[in-house]
Amino acid sequence: MPARKRTQAIAPPSPPPEAWQERFILRLYVAGTTPQSTRAILNARKFCEENLNGRYQLDVIDIYQRPTLARDEQIVAVPTLVRHLPLPLRKLVGDLSDFERVLIGLDLPVPKRAQTIVKSTK
Amino acid sequence: MQIEDFQTQSHLLLWRARPFRDSFPICFGLCYEAHVRHELAAANPYSRFSKRMRTLSKTKVHCQPHPVVLTKTPTGIQGLDDITAGGLPQGRPTLVSGQAGSGKTLLAIEFLARGALEFNEPGVFMAFEENGKELVQNVVSLGFDLSDLIARKLVLIDYIEIEHNEAGETGEFNLEGLFVRLGYAIDSIGAKRVVLDSLETLFAGLTNTAILRAELRRLFCWLKSKGVTAIITAERGDGTLTRHGIEEYISDCVILLDHRVNNQFATRRLRIVKYRGSAHGADEYPFLIGDRGLSVWPMTSLGLTHVAPTDRVLSGISRLDAMLGGKGYYRGSSILVSGTAGSGKTSLAAHLADAACRRGERSLMFLFEESPSQLIRNMRSIGIDLEPWVKKERLLLHAARPTLCGLEMHLVTMRKLTEDFEPSVVVIDPVTNLAAGGTMAEARSLLKRLIDYFKTRQITAFLTNLTAGTRTEENSEMGISSLMDTLLLVRDIETNGERNRLLYVLKSRGMAHSNQVREFRLTDGGIDLLDAYIGPGGVLTGTARLAQEAREASEALMLQRDSDLRKHELDCKRQAIEAKMDALRLELAGSEADWERIGAQEMEREETKVHDRAAMAQARRSDSVARRETDGMEMSLAHART
């Protein structure tokens, strides 16, 4: 992925506003119905509602049920949120409890103080 | 009843998993549960399951009553199974650690390929660094057709792409994705072997190392529970076996690969750092990545127990055979011929190789100075034609520059060729050049092992040792003379402005060998050994010997002439005396003749006198006279007649 990284590097630090209006196609890969998976799904929904209101499509995939998809999509760690659109492809590993990082990872503008909603119960 | 019960239990679990066939984890989970119960039963001798297990084993499987020894999975890699006494621990992960380019991936992939080809054990390769296509290309050079194995579902390569994420993780995670993929891969081909190459790449992609470590620990436990024999490769860190310290989770077997540069020569070495529950060779073993994969040389595993054959091998030079008790060298013995440059060592070696080929055996010559065609040309000048043997594939000439690679590489190559060609005679010409690829101490120890190796295979080894002019020939430069069974010395002596070669047998174990120095000559018809002239003037060779011989011949000639002369003189004398004797005899004869003549004259005179007297008496007419006359006349006549 060096080419992709390069474009990312030379991209302007704050993306133009029209890009924010793009439709997001996201896939969340989880493994089974563990508390971690549930937490990730809840966090993903919450995040999308708050930051992408209405212009997103979120699919949740259980890799236990589709192991070949895990191979094809190069999933190693779960939960992983994959941004298929807008390009480039992005993969975010973790249960999405840190919204600030999710925003950075999805190239979305970060507000002054990002809210963290569901903390991990550790 | 109990067995049935136990079996039912296992089957029940599997049956319960049936509806969830599509849902992999549940199916797996149930299978796993069955497996764990089985394991627990094995571990706890007092458990209910254990009793059932025992009954099971008694009635059906006939297990051995001894405690279960560690079963091993043979790697199929040449030599590695010798060092590990059978292979890697079965059903457990093994760590293969080493620097970049030390051959970790190749070792791992050969483990899989050989497992698939030779032991019918399918294998999964989880590649974190190279994709499948690259891997297939890379191992073609080792002679493994991975694409074919993949097509036959004996090998499965899953490339795992790790992307670095600057933002880091958005929360907690686990490596279930890896587990699922690995589990799926193992189950899809029924894999018995797994390679993870190299797991530490995960540390580059994931920042939360605490979770990562916990997950890796879980992964190794899970691999054990799966019962697959796994190789996990890792990059070597500073002072630690692995860069990220994953060795603390894989503690059953650790293999360390090393690629060291010594005197500008790189040598690969392998060492078993630890192997739980098994004895193993602990040394550093040199290994080679050749065209048929890895080959490790477990040299110290050889004991001094080789069988000594009693039959002999002719040296190809009849007079040399005569010097060695009349029958030549022992088969399987090692012979060292030591001498300075140009003393005819290679020619001696060529004679031996030629003799072996004549007997219909195979011989192998390692040349470190001449190219094969050069050797053939040069040997033709002394009447040995090696070319037909090369064409008939009885003679293999392997020429290599000593500086081509390190010593270990040379030795491993030599061993490999020896194993492929199966010669009865091996010539290394000269053995001293091998030291060019390493330090002297290394060269010595490795050469000792090489000689041991030849002995165990009952191969007659003929080594030539080039000594510098100033050194004594008895101490071979490599310090291996004590190992040798037969030690021939070819010595140049310089006298009267010429160099001559002398050959003698310094030692020859187990045979009555000649202690005499022979003069050694290279003629058109091969090597000729002559008795050196040993006389009051010392040992003479070459023209000195010839001069001495001429001198002796002339002396003999002189003596001959002298005696001839004396004989001649005697003859002359004899002739003279005989002549004298003849003269005397003539004189005597003359005297005798005179004597006779005088006698005759006397008689004539007497006759005449008688006649005259008679005539006178007649004239006087005296009867008495007349009577007397007739009688007297008759008497004197008779007297005269007598």
Taking segment B:467-502 only, how many residues are within 21 Å of the chain's Cα centre (by Cα), at pLDDT below 80, of a type in the set (A, V, I, L, M, F, W, C) and closer than 25 Å to B:Glu370 by Cβ?
2
State which residue is surrounded by the most Cβ atoms within 10 Å (Cβ to Cβ) when the search covers only segment B:163-218 and only residues that are assigned to a helix (DSSP H, G or I) and of a type in the set (Ser, Thr, Tyr).
B:Tyr184
When segment B:58-81 is examined, which residues are found to be surrounded by 15 or more Cβ atoms within 10 Å (Cβ to Cβ) and either at pLDDT below 75 or not in a loop (DSSP other than H, G, I, E, B) (or both)?
B:Lys72, B:Thr73, B:Gln78, B:Leu80, B:Asp81
Residue in segment B:167-183 that is modelled with pLDDT under 85, over 22 Å from B:Thr105 (Cα atoms) and of a type in the set (Val, Ile, Thr) present
yes
Residues in segment B:361-371: is at least one closer than 30 Å to B:Ala279 by Cβ and crowded, with 22+ Cβ neighbours inside 10 Å?
no
Checking B:Ile376, B:Ile382, B:Ile428, B:Ile335 in turn, the sole residue that is of a type in the set (A, V, I, L, M, F, W, C), more than 16 Å from the chain's Cα centre (by Cα) and not in a helix (DSSP H, G or I) turns out to be B:Ile382
Which pairs turn up if I take residues in segment A:101-112 that are free of Cβ contacts under 8 Å to residues at least 40 places away in the same chain and look for partners that are outside any loop (DSSP other than H, G, I, E, B) with beta carbon separation below 7 Å, at least 6 apart in sequence or on another chain?
A:Gly105/A:Arg90; A:Gly105/A:Leu92; A:Val110/A:Glu100; A:Val110/A:Leu103; A:Val110/A:Ile104
Residues of segment B:251-268 satisfying the condition of being touching a strand residue (DSSP E or B) at 6+ places or on another chain (Cβ under 7 Å) and free of Cβ contacts under 8 Å to residues at least 24 places away in the same chain:
B:Arg260
State whether the residues of segment B:431-449 include one that is surrounded by 14 or more Cβ atoms within 10 Å (Cβ to Cβ), modelled with pLDDT of 80 or more, touching a helix residue (DSSP H, G or I) at 6+ places or on another chain (Cβ under 8 Å) and not in a loop (DSSP other than H, G, I, E, B).
yes
Search segment A:84-100 for residues being buried (at least 22 other Cβ atoms within 10 Å of the Cβ) and not small (Gly, Ala, Ser), and hand back the single one that is farthest from the other protein chains (Cβ to nearest Cβ).
A:Phe99
Qualifying position, being of a type in the set (Val, Ile, Thr), touching a His at 6+ places or on another chain (Cβ under 9 Å) and within 30 Å of B:Phe520 (Cα to Cα), among B:Ile317, B:Ile272:
B:Ile317
Scope segment B:219-230; condition outside any helix (DSSP H, G or I) and surrounded by 22 or more Cβ atoms within 10 Å (Cβ to Cβ); matching residues
B:Val228, B:Thr229, B:Ala230
Filter segment B:155-187 for residues that are facing chain A (nearest Cβ under 7 Å) and aliphatic (A, V, I, L, M); which is nearest to B:Ala127 (Cα to Cα)?
B:Ile160
Among B:Asp197, B:Asp145, which is the only one that is more than 14 Å from chain A (Cβ to nearest Cβ) and either under 29 Å from B:Ser251 (Cβ atoms) or touching a strand residue (DSSP E or B) at 6+ places or on another chain (Cβ under 6 Å) (or both)?
B:Asp197
Over segment A:59-75, the set of residues facing chain B (nearest Cβ under 9 Å), part of a helix (DSSP H, G or I) and of a type in the set (A, V, I, L, M) is A:Ala70
In segment A:35-58, which residues are surrounded by 15 or more Cβ atoms within 10 Å (Cβ to Cβ) and either of a type in the set (Gly, Ala, Ser) or not in a helix (DSSP H, G or I) (or both)?
A:Ser37, A:Ala40, A:Ala44, A:Leu52, A:Tyr56, A:Leu58
Among the residues of segment B:233-250, is any in contact (Cβ under 8 Å) with a residue 24 or more places away in the chain, within 30 Å of A:Asp98 (Cα to Cα), assigned by TED's automatic domain parsing to the domain that holds B:Gly98 and surrounded by fewer than 17 Cβ atoms within 10 Å (Cβ to Cβ)?
yes
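The values are calculated or read from the model by the stated rules, or taken from the named source; none is laboratory data. Note that this is a predicted model, so its numbers are computed, not measured. Using ideal geometry, Cβ is built from the backbone for each residue, glycine included, and neighbour counts are taken over all protein chains shown.
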